[in-house]
Amino acid sequence: MLEYLLVFLGAAIPWIEIMIVIPLGIIRGLSPMWVMLLSFAGNMSTILLLIIGFHPIKEWMERRKQKKGKGESKRQQRAKQIMNTYGLPVLALAGPILIGTHIAAFIGLVFGAKKVNTAIWSAVSIALWCLVFGILTAMGFDFFVNRT
């Protein structure tokens, strides 16, 4: 039971996340299904906390812009529009491999992605990568165990 709790907590920690926790849990002999489910739950829990807690950070950034007397430029408005249309899905899907899910969600929010869209695309990405890492690790581990 403790090992499954560690899987959940490990997946929740930025930079450790699912890419490391899932293979380690499966190689350790834990159930691949439970490792994938708990990794998804752990990673999504901290992503949702990040999304919920982003509002105060965004307000601080806006107050800082107002103090400097700068408004939103046309370039920033265009970047937000592109991000909401095309950028978030790609960022979320590539995030676990390139920069981590937490940083990908934060970047998406900074560029103006909606919280709901960020949560949905993060969930889709994390679920997909949990399956990929879990299935490949289980198949690969099974392949090596059965060959010896």
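The values are calculated or read from the model by the stated rules, or taken from the named source; none is laboratory data. As the structure is a computational prediction, the values presented were derived from the model and not from experiment. With ideal geometry, Cβ positions are generated from the backbone for all residues, glycine too; neighbour counts draw on all protein chains shown. SASA here: full protein model, heavy atoms, side chains in, ligands and nucleic acids out. Shrake-Rupley method; radii C 1.70, N 1.55, O 1.52, S 1.80 Å.
Computed with every protein chain present, the accessible area of H55 is close to 90 Å² [probe 1.4 Å].
Work out the P(r) tail for the chain: percent of alpha carbon pairs separated by more than 22 Å, whole number. Summing the P(r) tail past 22 Å for the chain gives 46 percent.
Computed from the C-beta positions of A41 and Y86, the FRET efficiency with R₀ = 22 Å rounds to 0.15.
Shown here for the range 1-58: chymotrypsin sites (Phe, Trp or Tyr not before Pro) in loop regions (DSSP other than H, G, I, E, B) with at most 11 other Cβ atoms within 10 Å, namely W15. Computed with a 1.4 Å probe on the full set of protein chains, the accessible area for I107 sits at about 60 Å².
Taking the protein heavy atoms of the chain in the context of the full set of protein chains, the accessible area attributed to carbon and sulfur is 71 percent at 1.4 Å. Rounded to the nearest whole Hz, the Karplus-based 3J(HN,Hα) values (6.51 cos²θ - 1.76 cosθ + 1.60, θ = phi - 60°) of the range 20-26 follow the sequence 9, 5, 5, x, 5, x, 6, with x at glycine and proline. Counting only protein heavy atoms and a 1.4 Å probe, the chain has 64 square angstrom of accessible area per residue. What the phi angles of the range 103-117 give under the Karplus curve with 6.51, -1.76 and 1.60, with θ = phi - 60°, is a coupling list of 5, 4, 5, 5, 4, x, 5, 4, 7, x, 5, 6, 4, 5, 5 Hz, glycine and proline written as x. Could you calculate the FRET efficiency of K68 with N117 from 1/(1 + (r/R0)^6), where r is the beta carbon distance between them and R0 is 35 Å, rounded to 0.05? In this case the efficiency is close to 0.75. The modelled label-to-label distance for the pair I27/L131, using points 7 Å beyond Cα in the direction of Cβ, is 2.5 nm. Given points 7 Å out from each Cα along the Cα-Cβ axis, report the I20 to W60 separation in nanometres with one decimal. Going by the 7 Å Cα→Cβ label model, 2.6 nm. The C-alpha atoms of the chain define a longest principal axis, and helix 2-12 lies at about 30 degrees to it.
Scattering from the range 1-50 was approximated by placing one identical point on each alpha carbon and applying the Debye formula without solvent; log10 I(q)/I(0) at 0.14, 0.20, 0.27, 0.31 1/Å stands at -0.26, -0.52, -0.92, -1.16.
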